[in-house]
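Take a look at the structure set out below.
The values are calculated or read from the model by the stated rules, or taken from the named source; none is laboratory data. Quick caveat: nothing in here was measured; it's all calculated off a predicted structure. With ideal geometry, Cβ positions are generated from the backbone for all residues, glycine too; neighbour counts draw on all protein chains shown.
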Amino acid sequence: MRIEELPIPESVKQVIISSGITELYPPQEEAIRAGALEGKNLVLASPTASGKTLIAEFCALKHILERNGKVLYLTPLRALASEKYEEFKKYAVIRKRSGRRVRVGISTGDYDSSDPWLGKFDIIVTTNEKADSLLRHRSRWVNEISLVVADEVHLLNDTERGPTLEVVLARLIQVNPDIQLLALSATIKNAEEAAEWLKAISITTEWRPVTLREGVLLHNEIHFKDGGAQKIEKAAKNPAINLALHIVKSGGQALVFAGTRRNSVSLAKRAATTMKAFISKPMKRSLTRIAEQILATGERTRISELLAELVNHGTAFHHAGLGGSHRKIIEDAFRDGKIKVITATPTLAFGVNLPARMVIIHDYRRYEPGYGYYPITVLEYKQMAGRAGRPRYDKVGEALLIARTEDERDYLMESYVLSEPERIWSKLAVERILRSHVLATIAADFAHTEQGIYDFFGKTFYAYQYDPRAIKGVTTKILKFLYEQELIEVSGENVYATRFGRRVSELYIDPVSAVIIRDALLSRAPRLTDISFLHMIAHTPDMFPKLRPYSREIDNLALFVDEHREEFMFEVPDEWTDRITYEEFLGEAKLAWVLNAWIEETTEDETIEKFRVQPGDLYRLIATSKWLLYASHELASLFNHKDLVPHLAGLVERTEKGVKAELLPLVRLEGIGRVRARILYNSGLKTLTDLKRAPLKKLTNLPLIGPKLAKKIKEQVGGFVKAEEWKKLKKGETAEQRAITEY
């Protein structure tokens, strides 16, 4: 079926055709024939790169241009939301009947807001969690949504992300029963069951635009699923490196999946030593520029230096320990064909679209702290394998597991290559997960009676797969907890949220976290300090990622706990009575120590060295801590703890910026972060008044502050920049740049 034959507006056809797409893939054609453009609900389960998103785009523009509708696009990850936002922006050239162009918006943060500004957009891209938050705030524009696209819907199976997606879909159906649902997924075994729950048509296909050859490497011979075999050169000791070199020599790129962060870094180092011979001089110059970009982004650390060094050799590692900006640089360089080999942890398989000619699964076992190594699921394997083959570039993609013995080769072939992915199962009926959703159902007025609450959760995927009675018992237990902790109140048959309960739901925190914070603020520590509040939030179930104390850290952490014993809001457990609880407390103390170091301006590199916390984990800790401190500030206000509110407000801002209180006025300026603020302060420019009075030349003489930033600072503080002074500075900068170029 050709694009020009589709029953969609001509303006949409023009945009699609101008992007180089003229014909539909078979799964896309099947979706159209099944009624996607006629408002039918669909679950489209097909491999990566088979064109699922294009169907979503057709449906979205059909709703907007012909039905005056609004579209909500749900993704599990912020990075994926950003990717989809960029894809949809190409339709901004199209005008609606009103004459206004199609508008695309994105919102992935700030859970304590109804985001009324999103109402002006036609296509709204959010994460599942943000959509849940918007529903809790009863955003008015949600009622205008006519199409919901749920990307990566197989993540209903995920313990952490699945329940939120499940509740959001059930809630959107409750809000608007006539809504069209389009659920996109990798191939899953029970797609029909998910479709029945959503009252949708199921389309499952194995079709791919690029042929996928799956197999297992043993020693230096690949054994393919189709019975074929191929020998490769044994240039290095590690078989994954040999495979990567094999594909790079043929002009392709390799994506290597390792089981742990440490293994991904180790493999990247090994690959780099063998890649030097395959990097041309022009490519080397391009890689040098990318390496310089990495070093210039964020604070310079030994991790960023190692990454930059590896990039110079056409390789890189990619895992959650890297900061988001560094991950994006790596992803873009790989898409551009400049980085030839990326070694990654399996989380990349569930994230952004990053195909390669060859996917190598180096470790089929994954390590989980506290659990050890365990085999990955077939669904995880298929997700990784699905990255093999770049549409429009490759005719064949190869996905290979690595075996060490013949027995292991046979096991991998039978257990992964020849196996079907597992059924997906709802993970909703776990008290820790369900608690917040039960409270939100009451607080946002989605149900006003106990029976109404049971009725709503009786329409979830969990209730569909098991039995509504199976979730009722957990819900009853949660309602008892919420009532006892004064988050809800009962009047006859009616159930209401208290002011406390409603605010907790809006703040998007676990009710247990809220109770812990409420009680801690009331009882308080003997001596209140920053450590008191930082440990308080570390003690909540919402704090993630948790930090485990390493054995070599135990003694130092024990000393830290003894030193700060009077500052803790909670009693220190007896290490001899309950060793496990004591070590958990040490982990919380470590987290408070890390956060305190951050707001006392310890550098990222010192933090990595001292606490073994990598940048990506540190950024997530900072984001989570800011959110929980903000929630603590709001609860302190709610319970009228006026003496605590200023301290908590300052901590929120200091945690976000990573500075001592004295730098707060400076870091509020655009372009000034913690490093530049400290440089300004130490040079005697401590206040906005100091900056206003300072000559422009004094600013430009400071490290990391050029003429443009100096001028920007002066403008922000109301300072006057003389035209003659600015001209002289610009002239000096140009002369200096010319001298550097000539050198």
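Brief remarks follow.
- The stretch 670-695 residues that are of a type in the set (S, T, N, Q), paired with ones that are in a helix (DSSP H, G or I) (beta carbon under 8 Å, 6 or more apart): Ser683/Lys698; Thr687/Pro665
- Answer from Ser436, Ser491 - the residue that is hydroxyl-bearing (Ser, Thr, Tyr) and modelled with pLDDT under 95: Ser491
- Candidates are the residues of the stretch 435-457 that are out of contact with any Asp or Glu (no Cβ under 7 Å at 6 or more places or on another chain) and among the hydroxyl-bearing types (Ser, Thr, Tyr); the one that is surrounded by the most Cβ atoms within 10 Å (Cβ to Cβ) is Thr441.
- Residues of the stretch 328-351 include none that is in contact with a Lys or Arg (Cβ under 6 Å, 6 or more places away or on another chain) and either farther than 28 Å from Ala277 by Cα or acidic (Asp, Glu) (or both).
- Verdict on Leu628 being assigned to a helix (DSSP H, G or I) and touching a residue at least 40 places away in the same chain (Cβ under 8 Å): yes
- Glu571 at negative phi and part of a helix (DSSP H, G or I): no
- Of all residues in the stretch 255-286 being in a helix (DSSP H, G or I) and small (Gly, Ala, Ser), the one that is farthest from His318 (Cα to Cα): Ala277
- Some residue of the stretch 197-214 being in a loop (DSSP other than H, G, I, E, B), touching an Asp or Glu at 6+ places or on another chain (Cβ under 6 Å) and surrounded by 18 or more Cβ atoms within 10 Å (Cβ to Cβ): yes
- Being part of a loop (DSSP other than H, G, I, E, B) and modelled with pLDDT of 95 or more is a property that His647 lacks.
- Sub-6 Å Cβ pairs linking a first residue in the stretch 647-663 that is under 18 Å from Asp110 (Cβ atoms) to a second residue that is of a type in the set (Gly, Ala, Ser) and in a helix (DSSP H, G or I), at least 6 apart or interchain, are Leu648/Ser632; Leu648/Ala636; Thr655/Ser625, ordered by first then second residue.
- Among the residues here, Val613 qualifies as in a loop (DSSP other than H, G, I, E, B) and closer than 20 Å to His539 by Cα.
- Beta carbons closer than 6 Å, at least 6 apart along the sequence or on distinct chains, pair a first residue in the stretch 136-148 that is on the phi > 0 side of the Ramachandran plot with a second that is modelled with pLDDT of 90 or more and surrounded by 15 or more Cβ atoms within 10 Å (Cβ to Cβ) for Arg138/Ala444.
- Total residues in the stretch 10-41, condition within 30 Å of the chain's Cα centre (by Cα) and either under 24 Å from Gly105 (Cα atoms) or part of a helix (DSSP H, G or I) (or both): 8
- Tally, over the stretch 7-59, of residues that are in contact (Cβ under 8 Å) with a residue 12 or more places away in the chain and of a type in the set (D, E, K, R): 6
- Complete set of residues in the stretch 82-109 that are surrounded by fewer than 20 Cβ atoms within 10 Å (Cβ to Cβ) and over 23 Å from the mean Cα position of the chain (by Cα): Lys90, Ala92, Val93, Ile94, Arg95, Lys96, Arg97, Ser98, Gly99, Arg100, Arg101, Arg103
- Search result, residues across the stretch 226-244 that are buried (at least 22 other Cβ atoms within 10 Å of the Cβ) and either of a type in the set (Val, Ile, Thr) or over 15 Å from Tyr364 (Cα atoms) (or both): Ile241, Leu243, Ala244
- Residue check, Ala236 touching a Ser or Thr at 6+ places or on another chain (Cβ under 8 Å), at pLDDT 95 or above and not in a strand (DSSP E or B): no
- Test result for Ala183, among the small types (Gly, Ala, Ser), part of a helix (DSSP H, G or I) and crowded, with 17+ Cβ neighbours inside 10 Å: no
- Residues that are of a type in the set (S, T, N, Q), modelled with pLDDT of 95 or more and buried (at least 18 other Cβ atoms within 10 Å of the Cβ) are absent from the stretch 110-120.
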